[in-house]
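The values are calculated or read from the model by the stated rules, or taken from the named source; none is laboratory data. Given the structure is predicted, the values throughout are model-derived calculations rather than measurements. All Cβ positions, glycine included, derive from the backbone under ideal geometry; neighbour counts span all protein chains shown. Side chains included, ligands, DNA and RNA excluded: accessible areas come from the protein's heavy atoms. Shrake-Rupley method; radii C 1.70, N 1.55, O 1.52, S 1.80 Å.
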Amino acid sequence: MGLYERKVLPPDAPVPAGAADAGTAPPADRVERLAASGSAVLVTLETDAREPDPGLLAAASVYAWLGATLFRVPESQADGTRQVLDMVASIQGTRPPAVARRGLA
């Protein structure tokens, strides 16, 4: 993940200083190129859903895996997006899992 912590921002938040704005639902190769440049990458995801939107959460996980670090999402999607970003970081090994269980058989 580099030097940047992944963060969820409100939909009307300005682009933070030093961040590269990849746009709204950008192509994966654009996010990869911007992440490779070493900048924090901002991705904006939109939905009208009031409940967690599986498509938005799946997109957030892919963008996070590709190197995006800042996510502008609707307030209704913020908690789910934070959980997805934590899960991706745990899978990538950049943060410990919230709960580790072994020998559940």
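Only residues that are in contact with a strand residue (DSSP E or B) (Cβ under 7 Å, 6 or more places away or on another chain) and polar (S, T, N, Q): list them for segment 38-87, please.
39, 44, 69, 81
Step by step: first the residues of segment 53-88, then only those that are assigned to a loop (DSSP other than H, G, I, E, B) and open to solvent by 10 Å² or more (accessible area, probe 1.4 Å), then the one that is nearest to residue 27 (Cα to Cα). Which residue is that?
Of everything passing the filter in segment 53-88, 67 is nearest to residue 27 (Cα to Cα).
If you scan segment 16-52, which residues turn out to be open to solvent by less than 40 Å² (accessible area, probe 1.4 Å) and closer than 15 Å to residue 79 by Cα?
The answer is 45, 47, 49.
Pick from segment 22-52 the residues that are free of Cβ contacts under 8 Å to residues at least 12 places away in the same chain and assigned to a helix (DSSP H, G or I): which of them is nearest to residue 94 (Cα to Cα)?
It comes out as 33.
Before we move on, is residue 96 under 25 Å from residue 27 (Cβ atoms) and either among the β-branched types (Val, Ile, Thr) or over 10 Å from the mean Cα position of the chain (by Cα) (or both)?
no
What residue, among those in segment 89-105 that are over 18 Å from residue 40 (Cβ atoms) and assigned to a helix (DSSP H, G or I), is most open to solvent (accessible area, probe 1.4 Å)? Show your work before the answer.
Filtering segment 89-105 for residues over 18 Å from residue 40 (Cβ atoms) gives 90-91, 93, 96-105.
So of that shortlist, the ones also assigned to a helix (DSSP H, G or I) come out as 90-91.
Values: 90: 34, 91: 113 Å².
Once the filter is applied, the top-ranked residue is 91.
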